[in-house]
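Each remark here refers to the structure printed beneath this line.
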Amino acid sequence: MPMLTVGTLTGLATGSLIQVRAAAHNADGWGADSAMNSAGAVLETQPLAVGALALDGAPATPTSAKIDWAAPTGAAAGGAGVAITGYTVQRALVGGSFATVDSPSLPTHTATGLAEGTAYKYRVAASNAYGAGPYSAELAVGTACSPGLYVLSHGDGTSSCETCPVDFTCDGSSAKTACPAGSFAAAGATACA
């Protein structure tokens, strides 16, 4: 007997118990309803986005950062009893394209080998047996500079670690005042252009 789809169920929440009964129709009218599917089926799906990403405790060092997030649970994980099987961590330079850098099984990522004084952005997606969910909101992470150097922000959204140029006021907290509006400093610059 061929399977016939006669309708689509919409508006169901993850974890909803779905029970159905069916009736046939022909030229003589409707037949009797079938018995209710007493066992039903529970709607399960890919997870929702993970919770907000955050730096773990301390700010990023010149070459590393540790990022944590809240794992989706219950309906957000894809349904009651659906386990998160892993995560996909992606990183990009500000203004660049994302690339996968890690696939941890726990909700944490330690980034190493980063360039000092550089602005990165991260996003994470959770996966379960039904596939990957959407990516999280992005987290901006700026690495620090080695002692004696300061973060110099460039007009294109990038930054680098430099000694304190003559035209800048350095405050000793690894921050430097920005160049005046409409100008920028190139990597290695000693003044605003």
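Tabulated results
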| read-out | value |
| --- | --- |
| Spacing of the two label points (7 Å from each Cα toward its C-beta) at THR100 and SER146, in nm | 3.4 nm |
| ³J(HN,Hα), Karplus 6.51/-1.76/1.60, whole Hz, each residue of segment 158-163, x for Gly, Pro | 8, 8, 8, 9, 9, 6 |
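Laboratory data are not the source of any read-out in this text; all were calculated from the coordinates shown. From a predicted model like this one, the values you see are computed outputs, not experimental measurements. Ideal geometry is used to build each Cβ from the backbone, glycine not excepted, and the neighbour counts take in all protein chains shown.
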